[in-house]
Amino acid sequence: MCEVLFVPVTRRPLWLTFFDSMVPAGFPSPAEDHRGEKLDLNRLLLPHPDSTYLVRVMGDSMTGGESGIRDGALLAVDCQLRALSGDVVIAVVEGQFTVKRLVKRAGEAWFLVPDNPSYPERAITEPDLFDVWGVVTHVVTEIRRGRLSAHVRVS
């Protein structure tokens with residue numbers, strides 16, 4: 001099961017240095033002399049600031065898949081985007097929030113599918129009890145415990 005916790009968003013620019021060069025995940029390559037440019041992280045993660053919010057994930061139903069969503073991850077969620085089959089969404093099912101992959105199968109049948117195969121998928125059989133609140137566009141995961149978990153994580 002995954003729970004969703006809403007996180008307040010600061011809408012001021014957050015400028016970080018961005019180096020526009022690929023870093024191989026395989027064998028190292030010779031270092032290149034690249035000049036960093038400034039990138040506004042808020043603009044990248046929140047392209048529609050009035051309809052985008054951040055949520056904190058609690059639970060492991062989305063681990064193990066291509067989404068890269070782990071317990072404690074921050075998700076950027078855009079409410080302006082129309083959810084398509086295959087998108088990871090924040091959904092409300094019977095009054096409860098969840099994060100799952102929205103999948104259309106066999107004609108008109110829709111399902112909420114976890115990335116973790118240990119959890120069951122859920123058919124959307126009663127559309128009146130289901131709503132998509134937004135499409136997950138980015139996942140922010142802390143690799144080394146530090147400031148993100150200390151300042152944002154809710155226990």
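The values are calculated or read from the model by the stated rules, or taken from the named source; none is laboratory data. Not measured: the values here are computed from a predicted model. Glycine also receives a Cβ, built like all others from the backbone with ideal geometry; neighbour counts cover every protein chain displayed.
Quick check: is even one residue across segment 117-133 surrounded by 10 or more Cβ atoms within 10 Å (Cβ to Cβ), basic (Lys, Arg) and either more than 17 Å from residue 62 (Cβ to Cβ) or in contact (Cβ under 8 Å) with a residue 60 or more places away in the chain (or both)? The answer is no; no qualifying residue exists.
All conditions in (1) touching a Leu at 6+ places or on another chain (Cβ under 7 Å); (2) more than 11 Å from residue 132 (Cβ to Cβ); (3) among the hydrophobic types (A, V, I, L, M, F, W, C) hold for residue 109, with the sole exception of (1). If only residues of segment 101-110 that are at pLDDT below 95 and in a strand (DSSP E or B) are counted, the one that is surrounded by the most Cβ atoms within 10 Å (Cβ to Cβ) is 110.
Does residue 154 satisfy being under 19 Å from residue 59 (Cα atoms) and at pLDDT 90 or above?
no
The selection criterion, being touching a residue at least 40 places away in the same chain (Cβ under 8 Å) and farther than 23 Å from residue 41 by Cβ, holds for residue 60.
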